[in-house]
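**Q** Right, I'll just put the structure down here and ask away after.
All of the numbers you see were taken from the coordinates with simple rules; none came from a lab. Quick caveat, the model's predicted, so the values are computed rather than measured. Quick reminder, even Gly has a Cβ in these numbers, built from the backbone with ideal geometry, and neighbours come from all protein chains shown.
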Amino acid sequence: MKWDNYRWVEISRSELLSFIFSRDRSHRTSSPPKSRRLLAGFEGYHSNSEERPEVLVIEDEDAEDLMAWLYAFAADFMPLSMHFQVVLASDFDAIMRTDSFSNPIFEPVWASMILGEFMMRGRGSKVLKDFYISWIETSCSYSLLAALQVYGDNKLIYDTFIGRLRRLKANEQLGFPELRLETLEVAWKVCIDLPDRAYQFEREDEFLFVQRLFHLLESSANRQFSHEFLDLLYSSYFKSDSVERRLTGFDQVVRKCSDQNLSDQTEVGFYLGAAAFLVGRGTSHLGLIDRPASSFPSAYLWFSILAGLCGKNSWDPRWFELIRRITPFLRSKRLEGDKPADLCWVEFSAMERSRESLSFAKDIVRIFPSSLVLELIPNVHFQIRLARESADSERSTTGGSPTKGSNRELILQIESLLKRLTKGLDTQSSQIPEQPELKLITEEKSNRKKRSSD
Amino acid sequence: MKNTWWTNLEDLDVDQEKVLDLPPSGKHVIFGPPGCGKTNLLLLRAKYLYGKEGFKNILFLTYTGCLADFIRSGLNDQKFFKPDQVQTFWSWARSHISTYYPQGLADFESLFIKNKDKKIENSKDNKERKNKILVELLESAYAKAPTHILYDAVFIDEAQDLTKEQIVELSRLAPVVTIAGDDRQGLYGMDGLSVQGFKSITLEYHYRIGKRICEVADKILPPKDGNNSLLDYCLYSEEKNASDADIFSHATRNDQYRAILDRLQTQLRAFPDELLGVILPTNGMIEEFKSYLKDSEFFEITSFHSDEGVNNSFRSDRPIHVLTIHAAKGTEFRAVHIAGGEEIKFPMNRREVSFTAITRAKTSLSLHYSGQVMPFIASAFAKTSTITKKDLFS
């Protein structure tokens, strides 16, 4: 962890302001911290009066109060993430206990998983026709991969990550993608648990591989699934070398899923995804899932995981091209957190909790008009689109509706209310402590009024 | 049009790459069985010379309009020569004669007047007479042209359907001439491929046609002594897409059409983004099939080709193509359905006609008929069965 080499110094609130306003800080102490109410981390071993901290660690219970105070007395310098990396003390503790992680990530699986997530969000394989690389950072799977790469398979970090994604999803003001996190979680667990990450799929092993994935799914989801469907995947239909016959097998799986009225998203999604994959013996027949996947979108995830595991021999040119474009992204240093975020979790959380939703949305939209990069956990980013532009642009590029459809309407309502607020028609008060108006100005105003009335 | 036009150098095998390495001068002929990539290579060589040698003034000729249109679909990228540089031999000849020897135009049009007596029309003498007139017209036009070099390069696909004399006339138009063809696919009894003075390159292997379809094609038109059978040189991969070829007897023509539509319904999903062909023996049957389809969901996604072809019909988003056997020359489809098998009975070249129709299919082939089908066709599709001696007497 790069913070191992930092000098940690306890600072006070007012001292924090001197960092923000670049005042002379020659009086600052550099003794070891007695408490950790506010810790500043400095690069290098030698201090000087010009230096600024790289990281700020804030005690969890102080965070909201500190943020409110800063918005009152240094509003123009907010968000704080513009100046330092800001970390909650609980995150800091968890991270400092984490050993650096060096296990390789099986890139084709995660690259495929990202595609699967977007298809699930867009409810269709057509999303991939105009796939933009810039979308990757809006993928939950991409964010999780960053967490895995930075912290390894660390339960504490994983739970924090999931918990925060859930909070984002629950916030109606944000354009969180329309997807079931629970479905993604099962798929993620399977991918994390893959026993043989460097496994290269051999052509004749495809059924064996479907079976292996099925058992992994059962153990990760901790449930017993129907083997009746698995038998169907092993039937002569799918073993035939005739693609038309395999297609007949696929139609039987679809019929059986609807006849039996199965509702388990994960289970049905797996059968459908695997069946479509077996029809093409690769990714060529992805489009077959589009119709049944409108009810069982997780089929895209399982199809994608199989494609990732089977490797490039199973990819059609389009899939190959997409993976080729995504993979360098997964390898790049971006995942290691050198990229700045718009808002750290501390700030986001404080803003979200301490204000009424209306003011919260106003602040976010004012600062970052269309999307913002959140530091979900230190060095792990997630780009979330705000409703104003995302709903339109994403819908037009994906042909689907990956963000909440009602967001645009909501934002228009918010804007209208905000106009009323600024005109003083609304008496709703913010929880931000307001600085008292200076007497001098008040007197001057009253003198002006007097003069005009004269 | 997935898997139709090659998009990577890696798609080519060593022999195919040799065609691209041919010198940018002289006269070359490419021989090869159906599916060996002749048309693809001819187009790639034309593009290569266009880009590398600056041969912008290119003439690319085919025999049928449908094939010309099919080749134009491989020129979507706009980086190379323009689609209108691909022409049929006949449309080019008309334009050439009207430009340089307009007084010969009436004689040219007379070539299209058919004798009511089919025997006379199809006779060797009549063909030779028409060929002589045409060649003389081309000679006269060439003599009147302002320069002897009219093009940078000329490319001719399906050259087996032209005569030697016609090829010689075309060879005078440019310093670089490349022709391609296969004698087994000749439908008109022409001898264009026996033209002298061309350096030949032979492609032996083919990748397009499934093994089962090769078996049927080889039985329909067995290779001449010493020549390769399609099956022996087949490199089609059966692992993902096993090939099949079947023959079906139906009570009526409409039953044939119904069976084809049922199968197409599955194949549209089984072969996404691929072309599917319905090949019919006559233009009359195309009209019949068109009216059968009129009220069905297939009508909007089907292209109907006449012998002269329709511009851009292969570039549209219509996956199903309906065409005659003659128009189908040079084209290829993932699945081919031949209806009206009972109509394939005219005396001349019926084996070549059947061979051409059958070898348009890559993976799936079905032939439908009502009544009788020629025994050599029935035999070609026949599969071995478990019949015993006892069954002969039961």
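**Q** Quick one: putting +1 on the C-beta of Lys and Arg, -1 on the C-beta of Asp and Glu, what dipole do you get for region B:150-216 around its Cα centre, in Debye to the nearest 20? Numbers along the way, then the final one.
**A** Values: 7 positive and 11 negative charges, 48 e Å.
About 240 debye.
**Q** Over all directions, how big on average is the projection of the convex hull of the alpha-carbon atoms in region A:234-280, in square nanometres?
**A** On the way: hull surface 11.6 nm².
That works out to 2.9 nm².
**Q** Residues of A:237-250, mean number of Cβ from any other protein chain within 10 Å of their own Cβ, rounded to a whole number?
**A** Values: counts 0, 0, 0, 1, 7, 9, 11, 12, 4, 4, 5, 2, 0, 2.
If you average over the peptide's residues, the count of other-chain Cβ atoms is 4.
**Q** Here's a follow-up. When you look at the Cβ of every residue in A:276-283, what mean number of other chain Cβ atoms sits within 10 Å? List each step's numbers first, then the result.
**A** Values: counts 0, 0, 0, 2, 4, 3, 1, 0.
Other-chain Cβ atoms within 10 Å of each residue's Cβ, averaged: 1.
**Q** Separate question: Can you put B:Asp191, A:Asp4 in order, fewest other beta carbons within 10 Å first?
**A** A:Asp4, B:Asp191
**Q** Also, I was wondering about something else. Taking the Cα centre of chain B as origin and charging only Cβ (+1 Lys, Arg; -1 Asp, Glu), how large is the dipole, in debye to the nearest 20?
**A** Details: 50 positive and 53 negative charges, 74 e Å.
Using Cβ point charges on Lys, Arg, Asp and Glu, chain B gives about 360 debye.
**Q** Sort B:376-385, A:241-250, A:107-116 by packing, meaning the average of other beta carbons within 10 Å per residue, with the highest value first. Write out the running numbers ahead of the final one.
**A** Details: B:376-385: 14.2, A:241-250: 21.0, A:107-116: 25.7.
Highest mean packing first, the order is A:107-116, A:241-250, B:376-385.
**Q** Return the average number of partner chain Cβ atoms within 10 angstrom of each residue Cβ along peptide B:156-162. Before the final figure, lay out each step's value.
**A** Numbers: counts 0, 0, 0, 0, 0, 0, 0.
That average works out to 0.
**Q** Then there is this: When the C-alpha atoms of chain B are aligned to their principal axes, what extent does each axis show, in angstrom, from largest down?
**A** Projected onto the principal axes, the Cα atoms of chain B cover 77, 52, 47 Å.
**Q** Got a sec? Charge dipole of chain B, +1 on Cβ for Lys and Arg, -1 for Asp and Glu; which of B:Gly37, B:Ser123, B:Ile167 is way out at the positive end?
**A** B:Ser123
**Q** Mind checking region B:67-159 for chymotrypsin sites (Phe, Trp or Tyr not before Pro) that DSSP puts in a loop (not H, G, I, E or B) and that have at most 11 other Cβ atoms within 10 Å?
**A** On the way: sites: B:Phe70, B:Phe80, B:Phe81, B:Phe89, B:Trp90, B:Trp92, B:Tyr100, B:Phe108, B:Phe112, B:Tyr142, B:Tyr151, B:Phe155; in loops: B:Phe80, B:Phe81, B:Phe112, B:Tyr151.
Those satisfying the criteria are B:Phe112.
**Q** Restrict the search to region B:226-289; then list the GluC sites (Glu not before Pro) that DSSP places in a loop and that have at most 12 other Cβ atoms within 10 Å of their Cβ.
**A** Numbers: sites: B:Glu238, B:Glu239, B:Glu274, B:Glu287, B:Glu288; in loops: B:Glu238, B:Glu239, B:Glu274.
Answer by residue number: B:Glu239.
**Q** Could you please report the charge total around A:Ser220, scoring K, R as +1 and D, E as -1 over all other residues with beta-carbon less than 10 angstrom from its beta-carbon?
**A** Numbers: positive: A:Lys189, A:Arg223; negative: A:Glu185, A:Asp193, A:Glu218.
Residues close to A:Ser220 contribute a combined charge of -1.
**Q** Let me ask something additional. In deg cm²/dmol, rounded to 500, what helix-only [θ] at 222 nm does chain B give when every DSSP H run of at least 4 residues adds -39500 (n - 2.57) and the total is split over its residues?
**A** Details: 13 runs with 136 residues, N = 394.
My calculation for chain B gives -10500 deg cm²/dmol from helical runs alone.
**Q** Continuing with this model, one more query. With a cut-off of 8 Å between alpha carbons and a minimum separation of six or more residues, what is the relative contact order of chain B in percent?
**A** Worked out over chain B, it gives 20 percent.
**Q** According to the Cα gyration tensor, what semi-axes, each the square root of 5 times an eigenvalue, does the equivalent ellipsoid of region B:128-228 have, listed from largest to smallest in whole Å? Don't jump to the answer; show the numbers that get you there.
**A** Numbers: eigenvalues 206, 52, 21 Å².
Ellipsoid half-lengths, sorted descending, are 32, 16, 10 Å.
**Q** Taking region B:119-196, how many lysine pairs are there with alpha carbons less than 18 Å apart, if each pair must be eight or more places apart or span two chains? Walk me through the intermediate numbers first.
**A** Working: B:Lys119/B:Lys127; B:Lys119/B:Lys130; B:Lys124/B:Lys132; B:Lys124/B:Lys164; B:Lys127/B:Lys164; B:Lys130/B:Lys164; B:Lys132/B:Lys164.
So the count works out to 7.
**Q** Compute the projected area of the convex hull of the Cα atoms of region B:235-383, averaged over all viewing directions, and report it in nm² to one decimal place.
**A** Details: hull surface 36.5 nm².
Reported value for the Cα convex hull: 9.1 nm².
**Q** Can you put A:Tyr132, A:Tyr300, A:Tyr271 in order of Cβ neighbours within 10 angstrom, beginning with the fewest?
**A** On the way: A:Tyr132 11, A:Tyr300 33, A:Tyr271 27.
Fewest-to-most ranking of A:Tyr132, A:Tyr300, A:Tyr271: A:Tyr132, A:Tyr271, A:Tyr300.
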